[in-house]
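So the structure is just underneath, and the comments pick up after that.
Just so it is clear, none of the values below were taken in a lab; they were calculated from the coordinates. For clarity, every value in this text was computed on a predicted model and none was experimentally measured. No Cβ is skipped: glycine too gets one built from the backbone with ideal geometry, and neighbour counts run over all protein chains shown.
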2 protein chains.
Amino acid sequence: MRYELYYWPGIQGRGEFVRLALEEGGADYVDVARRSARNGLGMPAMMKLLEGEHVVCPPFAPPFLRAGDLLIGQTANILLFLGPRLNLVPKDEAGRLWVHQLQLTIADLVSEAHDTHHPIASSLYYKDQKPEALRRAADFTQARIPKFLAYFEAVLARNPHGDTFLTGDSLTYADLSMFQVIAGLRYAFPRTMKRLEPDCPRLVALHDAVADRPRIAAYLSSARRQPFNQEDVFRHYKELDVSS
Amino acid sequence: MRYELYYWPGIQGRGEFVRLALEEGGADYVDVARRSARNGLGMPAMMKLLEGEHVVCPPFAPPFLRAGDLLIGQTANILLFLGPRLNLVPKDEAGRLWVHQLQLTIADLVSEAHDTHHPIASSLYYKDQKPEALRRAADFTQARIPKFLAYFEAVLARNPHGDTFLTGDSLTYADLSMFQVIAGLRYAFPRTMKRLEPDCPRLVALHDAVADRPRIAAYLSSARRQPFNQEDVFRHYKELDVSS
């Protein structure tokens, strides 16, 4: 099965959670919107599915995945689909629900990270909502990041199989996503993370272990991994990283 | 199976999406936090699971559901679990993924509705973030609600089985959630909805059809259905309903 991933070119964004799963799973995939329109790929191919009036199951927004006849949207839903196929979830229903629950909580954290620089409207520039961003980021760095990190640190600490993975004794897509969140938060809020990381050693260890996995390490050092940048979900504005 | 639903008492909130599924499915359930603490229920029972240090799969926040040995958090994840058990999803995987995708998009809309009155921090009062709320609500009523409604209207219009349900030819939990969103938006943004509803007749018809289903009608007229109010996710502040 050759998967087709559709996501905005030029950023990691929410597409990165899917890329990490595809890479770790050794999947055959095409990152469609980053390829040339001359080959029938690129942005035109993505917009055709996003805006086509005859798409029966239209995605509301990227990322979305084409797998044979299926067109699947919503990041967590794509991972729900890929998990069993890429060997990134437990075998039992209870275990899969728990992984999905963790993923949805990670998704909430990612949305809040986005809203620190866009608290009013995604359609406006950061500079046009900067006063509001300063207030929202203050709450995010002082209250919300600590709350989320403490939660996931506790999940690791309580895993009956040890604190190597968020659940069970093997890697799931939630571990890959957790790696991405730690990396993103470090990029966007380095001072805040420097202050908080001593309180979440298990999460730091999880981040490092994921980064060291052969397929992930190869991916991260390849051109397929786009760098963090200032158009992305995680953005570094020094004035928003006001950790006390 | 007797299900135990845990959610903040006094509001519909995100718990309502689960309640509607349980009610339509004719499930045996207890709304734990609304019951008396004298019987071992109430808020103490909820806080014990939310804050207990020995809970292996802790929820990050309500709602969560106890089903036998399982403790399941995240609204959409609870519905993913309940869907097949309450006959509220199609039988095939593709159909179930599509219903879940719709639910996750509804969840995004609900989060944005919440953030109109709390754009800075959930921990602050509305009055302490009112200037920001005015700006965010302006974008929500002028750009975001229309975009979401147009999307779901198109989903109904494109359903190969007709426009009675969001997908297929029978009710799913996404239809129940869509009903709740329309009801909530009408409560919070009556002027905006009055302007927009002529453009989404299929969604209005879906709302009415769900409200008329025998079990839902019985639920809505019972004391189990709490009224919308100003502590809830959907809140009516006249100044935020500034539709042009």
Next on the checklist: Between B:P214, B:P198, which is surrounded by fewer than 13 Cβ atoms within 10 Å (Cβ to Cβ), under 18 Å from B:T164 (Cβ atoms) and over 18 Å from the mean Cα position of the chain (by Cα)?
Outcome noted: B:P214
Next on the checklist: Among the residues in the range B:219-235, are any assigned to a helix (DSSP H, G or I), more than 19 Å from B:S111 (Cα to Cα) and among the charged types (D, E, K, R)?
Outcome noted: no
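Condition check ((1) surrounded by fewer than 18 Cβ atoms within 10 Å (Cβ to Cβ); (2) aliphatic (A, V, I, L, M)) across all residues:
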{"site": "A:H54", "(1), (2)": "yes, no"}
{"site": "A:Q103", "(1), (2)": "no, no"}
{"site": "A:I106", "(1), (2)": "no, yes"}
{"site": "A:L109", "(1), (2)": "no, yes"}
{"site": "A:A113", "(1), (2)": "no, yes"}
{"site": "A:Y125", "(1), (2)": "yes, no"}
Checklist outcome for this item: Scanning the range B:53-81 residue by residue, those at the interface with another protein chain (Cβ under 7 Å from one of its Cβ atoms) and of a type in the set (G, A, S) turn out to be B:G73, B:A76
Item to check | Leading residue by the ranking (nearest to the chain's Cα centre (by Cα)) among those in the range A:44-76 that are among the β-branched types (V, I, T) and within 19 Å of B:G95 (Cβ to Cβ) | outcome: A:I72
Next on the checklist: Whether any residue in the range A:33-45 is at positive phi, surrounded by 15 or more Cβ atoms within 10 Å (Cβ to Cβ) and more than 10 Å from chain B (Cβ to nearest Cβ) is what I want to check.
Outcome noted: yes
Checklist entry - B:Q74 versus (1) on the phi > 0 side of the Ramachandran plot; (2) touching a residue at least 40 places away in the same chain (Cβ under 8 Å): which is the lone unmet condition? => result (2)
Checklist entry - In the range B:217-244, how many are among the acidic types (D, E) and within 17 Å of the chain's Cα centre (by Cα)? => result 2
Checklist entry - Any idea how many residues of the range B:87-101 are at the interface with chain A (Cβ under 9 Å from one of its Cβ atoms) and either buried (at least 18 other Cβ atoms within 10 Å of the Cβ) or of a type in the set (D, E, K, R) (or both)? => result 5
Checklist entry - Which of the residues belonging to the range A:1-31 are over 23 Å from A:I182 (Cα atoms) and either within 9 Å of the chain's Cα centre (by Cα) or of a type in the set (D, E) (or both)? => result A:E4, A:D28, A:D31
Checklist outcome for this item: Per the list (1) aliphatic (A, V, I, L, M); (2) free of Cβ contacts under 8 Å to residues at least 40 places away in the same chain; (3) assigned to a loop (DSSP other than H, G, I, E, B), residue check on A:V89 breaks on (2)
Item to check | Condition broken by A:S177, with the remaining ones in (1) of a type outside the set (A, V, I, L, M, F, W, C); (2) assigned to a loop (DSSP other than H, G, I, E, B); (3) buried (at least 19 other Cβ atoms within 10 Å of the Cβ) satisfied | outcome: (2)
Checklist entry - Any idea which of B:D115, B:D128, B:D108, B:D139 is of a type outside the set (F, W, Y) and within 24 Å of A:L79 (Cα to Cα)? => result B:D108
Item to check | Test set (1) within 7 Å of chain B (Cβ to nearest Cβ); (2) in a helix (DSSP H, G or I); (3) crowded, with 24+ Cβ neighbours inside 10 Å - A:P119 fails condition number | outcome: (2)
Checklist entry - Has the range A:155-169 got at least one residue that is buried (at least 20 other Cβ atoms within 10 Å of the Cβ), part of a helix (DSSP H, G or I) and within 11 Å of chain B (Cβ to nearest Cβ)? => result yes
Checklist entry - What is the residue count in the range B:25-60 for residues that are of a type in the set (G, A, S) and within 22 Å of A:L156 (Cα to Cα)? => result 1
Checklist outcome for this item: Every listed condition ((1) closer than 21 Å to A:L22 by Cβ; (2) touching a residue at least 24 places away in the same chain (Cβ under 8 Å); (3) not β-branched (V, I, T)) holds for A:P190 save (1)
Checklist entry - Within the range A:77-86, restricting attention to residues that are hydrophobic (A, V, I, L, M, F, W, C), touching a residue at least 24 places away in the same chain (Cβ under 8 Å) and assigned to a helix (DSSP H, G or I), which residue is farthest from B:L80 (Cα to Cα)? => result A:L82
Item to check | Sole residue being within 22 Å of A:G168 (Cβ to Cβ) and of a type in the set (G, A, S), chosen from B:G10, B:G26, B:G68 | outcome: B:G68
Checklist entry - Can you spot a residue in the range A:191-214 that is closer than 23 Å to A:D31 by Cβ and either among the hydroxyl-bearing types (S, T, Y) or not in a helix (DSSP H, G or I) (or both)? => result yes
Checklist entry - Condition test on B:A183, is it within 14 Å of chain A (Cβ to nearest Cβ) and of a type in the set (G, A, S)? => result no
Item to check | Residue list for the range A:32-70, restricted to those being part of a loop (DSSP other than H, G, I, E, B), within 28 Å of B:G162 (Cβ to Cβ) and free of Cβ contacts under 8 Å to residues at least 60 places away in the same chain | outcome: A:G52, A:E53, A:H54, A:V55, A:V56, A:C57, A:P58, A:P59, A:F60, A:A61, A:D69
